[in-house]
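All of the numbers you see were taken from the coordinates with simple rules; none came from a lab. Quick caveat: nothing in here was measured; it's all calculated off a predicted structure. Glycine also receives a Cβ, built like all others from the backbone with ideal geometry; neighbour counts cover every protein chain displayed.
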Amino acid sequence: EEFRNMGTVANEMIDERVKVHAQLVAEQKRALESDRLKTAFLANMSHEIRTPMNAIIGFSELINDDSVDEKDKKKFVRLILQNGEFLMSLINDIIDIAKIESNQLNILKKRFQLNDLLGRVESHYREYISNHAGLDLHFEVENHLPARFSCYSDEFRLKQVLDNLIGNAIKFTAVGSVRLIVHAQADRVYFRVKDTGIGISPEELDSVFERFVQAANQGKRNYGGTGLGLAISRNIVHLLGGEIGVKSKSGEGSEFYFSILC
Ligand code: ADP
């Protein structure tokens, strides 16, 4: 009997050793992968910063040039503004990721009208896609969300998630449609952002919410981006008391869905 017990103990010890070893290997693998992601992120980030910087410097020089038309100068000012705003959002994303990593992303809840926010988001994207021929935008508010539907949450952070998801949907859908569907049930509001764009392959689907993760395939690289938006969005949604997920098929489109407590 005692002998058999010793055998069991020895087996358990070996099992434990094997488990610890497997854990170490997995940890090393994760560290290597995270190093690789960070290096790729920095290289990509430099590119993401340099492109709008070049535009801002180039257009500023043109504005200073007396031989350039006044009409063109107006256009250049608009382009400088757009590129400046893009840089600002990039920096804000980096700040948000740093805050998330140190658990310091603050949520400021107050009462606001959900329909007002949706209205503002809709008109922004209508204007934004007005020069994207072939792209349709649909906003659907289901379940008769009352005209004055007041929500107790963080309006600024909710808008940030919607901007990330709708921005991605537009970015990855050259021709087709982008749909935002909203419905409320009890104390929750559910959002779905559906597009008919390039979609996400099954291998990529699991990791899109990880920070720095971008599509590995070269084709998608051309779309720009830093791989921070979805990681930030997932954190915000959790802080707002909800869950976020995605369904997608390569070549057919994607559907990102999330809910928040209201
Ligand atoms: P990025 O700045 O690269 O867009 P995100 O964190 O927002 O970073 O997204 C991570 C990756 O998820 C993207 O690089 C892209 O490969 C994929 N992705 C996100 N949204 C979509 C979408 N609507 N359609 C296809 N791919 C998407």
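The magnitude of the dipole of the chain, with charges of +1 and -1 set on the Cβ of Lys/Arg and Asp/Glu and taken from the Cα centre, is near 440 debye. Expressed to the nearest 5 percent, the antiparallel share of DSSP beta bridges inside region 118-262 is 75 percent.
Think of each Lys and Arg Cβ as +1 and each Asp and Glu Cβ as -1; about the Cα centre, that makes the dipole of region 1-88 roughly 200 debye. Note on the chain: Cα-only Rg and Dmax are 23.5, 99 Å.
Is region 59-134 rounded, prolate or oblate when judged by the Cα gyration tensor, a ≥ b ≥ c being the square roots of its eigenvalues, rounded requiring a/c under 1.5 and prolate requiring a/b larger than b/c? Note, shape of region 59-134 comes out oblate.
Relative to its Kirkwood radius, the Cα radius of gyration of region 175-262 gives an Rg/Rh of 0.99. Our summary gives the chain a relative contact order of 17 percent, counting only alpha carbon pairs under 8 angstrom and 6 or more residues apart.
For region 164-257, relative contact order (Cα pairs under 8 Å, six or more residues apart, normalised by length) works out to 32 percent.
Under 5 Å between amide hydrogens, built in the peptide plane, is the criterion, and for Lys249 it picks out Ile200 among residues at least 5 positions away or on other chains. Rounded to the nearest 5, what % of the DSSP beta bridges within the chain are antiparallel ones? Of the beta bridges lying entirely in the chain, close to 80 percent run antiparallel. Counted residue by residue at 0.36 nm each, then reduced by the alpha carbon distance between them, the extension gain from Ile107 to Arg126 reaches 4.0 nm. Simple rule: put +1 on each Lys or Arg Cβ and -1 on each Asp or Glu Cβ in region 29-174, find the dipole, and look at Phe156, Val68, Asn54; the Cα lying farthest toward the positive end is Phe156. If a spin label sat at a point 7 angstrom from the Cα of Val141 along the line to its beta carbon, the backbone N atoms of region 173-208 nearer than 19 Å would be those of 179-194. Compactness of region 100-196, taken as the C-alpha radius of gyration over 2.2 N^0.38 Å, stands at 1.16. Across region 79-211, the relative contact order, built from alpha-carbon pairs under 8 Å that are at least six residues apart, equals 23 percent.
For region 116-262, the Stokes-Einstein estimate of translational diffusion at 25 °C and a viscosity of 0.890 mPa s comes to 156 µm²/s, using the Kirkwood hydrodynamic radius over alpha-carbon pairs. In the calculated pair-distance distribution of region 29-72, the portion above 17 angstrom amounts to 55 percent of the Cα-Cα pairs. Extending 7 Å from Cα along the Cβ direction at Lys74 and again at Gln28 yields two label points whose distance is 6.5 nm.
When you filter the GluC sites (Glu not before Pro) in region 1-99 for DSSP loop state and at most 10 other Cβ atoms inside 10 Å of their Cβ, you are left with Glu1. Result for the chain in a Gaussian network model with C-alpha springs under 10 Å: among Ala231, Ala98, Ala169, the largest mean-square fluctuation is at Ala98. Projecting the Cα atoms of Leu137, Met88, Thr173 onto the charge dipole of region 65-198, computed from C-beta unit charges around the Cα centre, puts Leu137 farthest toward the positive end. Sparse packing (at most 16 other Cβ atoms within 10 Å of the Cβ) combined with a DSSP loop state is found for the following GluC sites (Glu not before Pro) in region 104-179: Glu142.
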